[in-house]
Amino acid sequence: MSALDSAAALREADPAPGWSMGRLLRPHAWSFAAVVAFQVIGAVAGLAPLLAVVELGRTLLTPGPVDEAHVWFVVIAGAAGLFVRLVFTAASSGLGHVLDGKVQLTFRRQLAAHLGRVPIGWFSRRRTGELAKVVGEDVSAVHPLIAHAPGELVAAFVVPLVSLVYLFAIDWRMTLFTLIPVVLAIAHVPLLMLPARTREQEEFDGAMGRIASSVIEFVQGIAVVKAFGGSERSHRTFLTAVDDFVGTFFRWVRGMSLVAAGMQLVLSPPFVLLVVLAGGTLLITSGGLAPVDLLPFLLLGLGLTAPVAALGHGFDDLQAAGRAVGRIKEVLGVPPLPEPARPVTPSGHRVELRDVRFGYETDREVLRGIDLVLEPGTVTAVVGPSGSGKSTLVQLLPRFFDPTGGSVTLGGVDLRQIGSRELYQRVSFVFQDVRLLRASVADNIALAVPHADPEAVVRAAELANIHKRILQLPHGYATVIGEEAGLSGGEAQRIAIARALLADAPVLVLDEATAFADPQTEQAVRHALASLGGDRTILVIAHRLETVADADTVVVLDDGRIVESGSPGELLERGGRFAAFWQAQRSVLDDEIDTLGHAQQGGDPR
């Protein structure tokens, strides 16, 4: 399956509103019923060997001749019960694990599809490790809830129930003695569910997420850390996360240890046997119970506690699975960018921003009343200091965010009234931080045009000056990125540019798209963009003089407002913010030229 086919499958798996665990499992209701039915049969059949031993003991210990036919019948019945238990328990377990695999696959497809539709700004508020934990570890943590819980719950109730019916038929008083360990164990369960225990477990999960995030951040930034000598500080961040986890873990263990130890003690075979023998001795010495009738309580007493003990051992896993489902539900509950009920088709590709306001937080605006028109056939460059809102502005066009005030229109239609499919056919974008799919180079380039001709893919790669590098890869355009080969930052950017060129959208958004490119590559890419010609509308964040000089209009942002706008020549004549930016850039270039000249002449580059 290609990356494009996978993307289609993900879109089909996108969850409907009102997601719930019951809704997810509803298509598998018959499979769940089969798991439970098989487990019931296996659990009841598992009592046959114990009942056979009891019956044999009572038969052999009863005074008088032994009925051999009855003995053989009991032995065969016990062996048959054991065989039935093995077959049906194995069938229940196997079907449960298959069902678990299907449910986990559905979870991951729904998460992948939904995360593809939530606002990009939501990701910037989430640590990478914590989100990776939801998609990876939390989905896997559902395993006990699907594969094991149904069988264990059935065994925990069916086995004791059948055993109690049999034991009550023998002696109700002795049955009550046998139930003492079970009652004591059940009394410990509320202690495991106290708010303090739940809070400690949530703190434990949070500490695990912080460790995952700190590891990812440390590994991703190791080169920068080593180059600039920040290893101590970066390492300290990781150690802080580890210390936090250790402290949280010890608090959780201290809170759970006494309760867990108490439950394990009352369910242990020695304690169960001690209680049964004590009760049996009391009744036998008083003449209320025949010695031979104590045997079923000794054997089935252990059968009463074993399922409860197994359920107790899996209690932590079940609680963890419940919390994992809650976190998955929280992610799936993030509202996606709303789609219009009746999409409107734009007329042309003139872009207009009218009194646009936007803030990542309600009390702080990043853009403050932006009015801007992008005419077809023009290039508009956005410049300004760091934090002025440049990247936020260009991300409004592909609707990575919706403005909190004002509107952004394309062809006279508000972007919120244009369907996503239609919008992304008209707006293409290349950002500085490029992410490529783990798919072939050809699939990465043709992401927006799944059925593009191979010749068109090659032509786009040639325009982006990446064709020759692709041919050097192990399998050329069929090379899977991330598995068979890796690409540098500049090469990844050129792949993204080739993708945008192939898409041939009438509106193109570039956020420092050639930041990692060498001068020759940048010039080739700029010429490629210029060669597309026509009435394309281009909006670009510019940090280099060449890009600014080629622009038809320059917009200077500062603190979320447009402070200057006009052609490069007009703005230079005004001597304002843009002129200062231009002069600063020229000074840097002049210094670089002087340094290079000194180096070539053997002089001191300083």
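The values are calculated or read from the model by the stated rules, or taken from the named source; none is laboratory data. From a predicted model like this one, the values you see are computed outputs, not experimental measurements. Because the Cβ atoms are built from the backbone with ideal geometry, glycine has one as well, and the counts that use them run over all protein chains shown. In case anyone asks, the SASA skips ligands and DNA or RNA and just uses the protein heavy atoms, side chains included. Shrake-Rupley method; radii C 1.70, N 1.55, O 1.52, S 1.80 Å.
Look at (1) assigned to a helix (DSSP H, G or I); (2) at pLDDT 75 or above; (3) not aliphatic (A, V, I, L, M) and you find that Asp316 fails only one, number (2).
State yes or no: is Asp594 part of a helix (DSSP H, G or I), acidic (Asp, Glu), surrounded by fewer than 14 Cβ atoms within 10 Å (Cβ to Cβ) and at pLDDT below 70? For Asp594, the condition - part of a helix (DSSP H, G or I), acidic (Asp, Glu), surrounded by fewer than 14 Cβ atoms within 10 Å (Cβ to Cβ) and at pLDDT below 70 - is met.
Do any helices (runs of 4 or more DSSP H) entirely within the range 126-193 hold 1 or more residues that are at pLDDT 80 or above, of a type in the set (S, T, N, Q) and over 26 Å from the mean Cα position of the chain (by Cα), and if so, which? Write out each step before concluding.
Working: elements: 128-133, 149-170, 172-178, 180-192.
Fully inside the range 126-193 and qualifying: 149-170, 172-178.
In the condition set (1) within 31 Å of the chain's Cα centre (by Cα); (2) surrounded by fewer than 16 Cβ atoms within 10 Å (Cβ to Cβ), Gly359 is compliant with all but (2). Considering the range 501-526, and only residues there that are assigned to a loop (DSSP other than H, G, I, E, B) and modelled with pLDDT under 80, the residue that is most open to solvent (accessible area, probe 1.4 Å) turns out to be Phe516. Restricting attention to the range 247-272, the residues that are surrounded by fewer than 16 Cβ atoms within 10 Å (Cβ to Cβ) and of a type outside the set (Lys, Arg) add up to 13.
Taking the range 422-432 as the range and being at pLDDT 85 or above and open to solvent by less than 10 Å² (accessible area, probe 1.4 Å) as the test, the residues that pass are Leu423, Val427. Contact map, the range 439-453: residues that are of a type in the set (D, E, K, R) paired with residues that are open to solvent by 20 Å² or more (accessible area, probe 1.4 Å) and modelled with pLDDT of 85 or more, Cβ distance under 7 Å, separation 6+ or inter-chain. No pairs are found. Scanning the range 253-281 for residues that are under 19 Å from Leu167 (Cα atoms) and without any contact (Cβ under 8 Å) to a residue 60 or more places away in the chain turns up Pro269, Leu273, Leu274, Leu277, Thr281. When the residues of the range 530-579 are filtered to those that are surrounded by 13 or more Cβ atoms within 10 Å (Cβ to Cβ) and of a type in the set (Ser, Thr, Tyr), which remaining residue is farthest from Leu463 (Cα to Cα)? Checked the range 530-579; the qualifying residue farthest from Leu463 (Cα to Cα) is Ser565. Residues being more than 19 Å from Arg368 (Cβ to Cβ), in contact with a Leu (Cβ under 8 Å, 6 or more places away or on another chain) and at pLDDT 90 or above: count how many of those fall in the range 554-578. So the count comes out to 1. Scan the range 491-500 and tell me whether some residue there is assigned to a helix (DSSP H, G or I), closer than 23 Å to Val379 by Cα and open to solvent by 60 Å² or more (accessible area, probe 1.4 Å). No, every residue in the range 491-500 fails to be assigned to a helix (DSSP H, G or I), closer than 23 Å to Val379 by Cα and open to solvent by 60 Å² or more (accessible area, probe 1.4 Å). Check the range 409-421 and report whether any residue there is in a loop (DSSP other than H, G, I, E, B), farther than 14 Å from Thr345 by Cβ and open to solvent by 30 Å² or more (accessible area, probe 1.4 Å). No.
Within the range 379-388, the only residue that satisfies the criterion of being open to solvent by less than 10 Å² (accessible area, probe 1.4 Å) and in a loop (DSSP other than H, G, I, E, B) is Ser388.
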